[in-house]
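Worksheet: one structure, shown below.
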Amino acid sequence: MALADTRFSDRRRKLAAELAGQRIDVVLVTHLIHVRYLSGFSGSNGALLLRKDLSALMATDGRYTTQIAQEVPDLEAVEGRAVGKVLLQQFDKDETPVRVGFEADYMSVSELEDLKDSAPEGVTLVPVSGIIEDIRLTKDPVELEKLEEIAALANQALEDLLAAGELRAGRTEREVAADLEFRMRILGSERVSFDTIVASGPNSAMPHHGADDRVIEDGDLVTIDFGAHLRGFNSDCTRTYVVGTANDFAKEIYDLVLRAQQAGVEAAVAGTSLSDVDAACRNVIADAGYGDYFVHSTGHGVGLDVHEAPFAATTGKGELAPGMTLTIEPGVYVPGKGGVRIEDTLIITDGAPKIITAASKDFTELPA
């Protein structure tokens, strides 16, 4: 059996063990990210049925018959457009009664009612939540390697953009975002992992501004939050620059956010609670009098989803462990004046965290 197949079967084994503890006989996995995580299938329509004895069955439609055979050679696949229904209809009478777990966090009420209507007699649908997400918390070496690869690709695109002088006064935010996304694609990214943020001047005071037709001006703070996606994995990084000559406000809040970000990185070691990581950043900013202007949580995991567990926040639960990923991204946003966010993606290790977003965080004034 190939290495990839072994990893997927190991994940299914962990899931089956967790389900057994909840008296679940079978789980129906329909969330595509989880289907990919447990099987390797990357199509846009698919589902997995996993029994507690580790036998499993896939479903997809005719568009992916060849693809599923290539990506999931170790599991049988059945064909049908309504993949959840198709899998439930595979139960024989001698297998029922059976308790089938469904992913409650990813299924609408109408989808659930549809499944119930199509389920054979003796099949009881039981909601399950958070189990696969908990297994995904700790990445294996192959996952970490892929995350480092896509982070390096995105970083190269940013460095190329800056070297080419494409972040300068007179250009619109939208133009800069398009240039960065183009460079990521040319380097091999399949797509962006989220809509690229290029927030300049007063727009930089809005954490999720986006990128519009505002023309960048001399003296602007410009925050760029960007990510690339490759073979299922994502990157996430934020840097803030000054175009032209910085004023005292820009220098002050950049230094403050950088100190807060460095405090968060230093705190992000195995065994530290997620709320304490958040506090490490938040306290630096609050002590400087800008606490009301740090309006979001400190960070999140990155993997098959660009925003996934764990979450470093004031309400964050649990502790960091080796193999987890976490962003550290404090920010200060002052309406009408501007804002700064600095973000790295970390891999948690047995020692100091490994930063995989390599772009410089030095205060930088770019030529206008």
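The values are calculated or read from the model by the stated rules, or taken from the named source; none is laboratory data. In this text the structure is predicted, and so the values were computed from the model without any measurement. Positions of Cβ are backbone-derived with ideal geometry, glycine not excepted, and every protein chain shown enters the neighbour counts. Note: accessible area is taken over every heavy atom of the protein model, side chains too, but ligands, DNA and RNA are not part of it. Shrake-Rupley method; radii C 1.70, N 1.55, O 1.52, S 1.80 Å.
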Residue hits (the stretch 286-299; crowded, with 23+ Cβ neighbours inside 10 Å and outside any loop (DSSP other than H, G, I, E, B)) are GLY299
Expected output for the stretch 78-94 (first residue within 10 Å of LEU115 (Cβ to Cβ), partner of a type in the set (Asp, Glu) and at pLDDT 95 or above, Cβ below 7 Å, 6+ apart or cross-chain) is none
TYR254 vs (1) touching a residue at least 40 places away in the same chain (Cβ under 8 Å); (2) open to solvent by 30 Å² or more (accessible area, probe 1.4 Å): all pass except (2)
Counting only residues that are buried (at least 24 other Cβ atoms within 10 Å of the Cβ) and among the small types (Gly, Ala, Ser), the stretch 309-329 contains a total of 1
Filter the stretch 73-94 for residues that are open to solvent by less than 60 Å² (accessible area, probe 1.4 Å) and out of contact with any helix residue (DSSP H, G or I) (no Cβ under 7 Å at 6 or more places or on another chain); the one that is modelled with the lowest pLDDT is PHE91
Over the stretch 16-42, the set of residues in a helix (DSSP H, G or I), open to solvent by 40 Å² or more (accessible area, probe 1.4 Å) and free of Cβ contacts under 8 Å to residues at least 60 places away in the same chain is ALA17, ALA20, LEU32
Here the residues within the stretch 352-368 that are under 21 Å from GLY303 (Cα atoms) and touching a residue at least 24 places away in the same chain (Cβ under 8 Å) are ALA352, PRO353, ILE355, ILE356, THR357, ALA358, ALA359
Taking the stretch 49-101 and keeping residues closer than 28 Å to GLY21 by Cβ, touching a Phe, Trp or Tyr at 6+ places or on another chain (Cβ under 8 Å) and assigned to a strand (DSSP E or B) leaves MET58, VAL98
Within the stretch 267-285, residues being of a type outside the set (Lys, Arg), assigned to a helix (DSSP H, G or I) and either in contact (Cβ under 8 Å) with a residue 40 or more places away in the chain or surrounded by 19 or more Cβ atoms within 10 Å (Cβ to Cβ) (or both) number 10
When the stretch 335-368 is checked residue by residue, the ones that are part of a strand (DSSP E or B) and closer than 13 Å to TYR254 by Cα are GLY338, GLY339, VAL340, ARG341, GLU343, GLU365
If you go through VAL306, VAL332, the only one that is surrounded by 23 or more Cβ atoms within 10 Å (Cβ to Cβ) and β-branched (Val, Ile, Thr) is VAL332
Quick one: is LEU50 free of Cβ contacts under 8 Å to residues at least 60 places away in the same chain, under 23 Å from the mean Cα position of the chain (by Cα) and closer than 19 Å to ILE135 by Cβ?
no
Practice task
Could you tell me whether ASP225 is at pLDDT 95 or above and within 21 Å of the chain's Cα centre (by Cα)?
Solution key: yes
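Inside the stretch 125-241, counting only strands (runs of 3 or more DSSP E) that do not spill past its ends, which hold 1 or more residues that are surrounded by 23 or more Cβ atoms within 10 Å (Cβ to Cβ) and acidic (Asp, Glu)?
221-226
If I filter the stretch 194-222 down to residues being charged (D, E, K, R) and touching a Gly at 6+ places or on another chain (Cβ under 9 Å), which single residue comes out as nearest to GLU173 (Cα to Cα)?
ARG214
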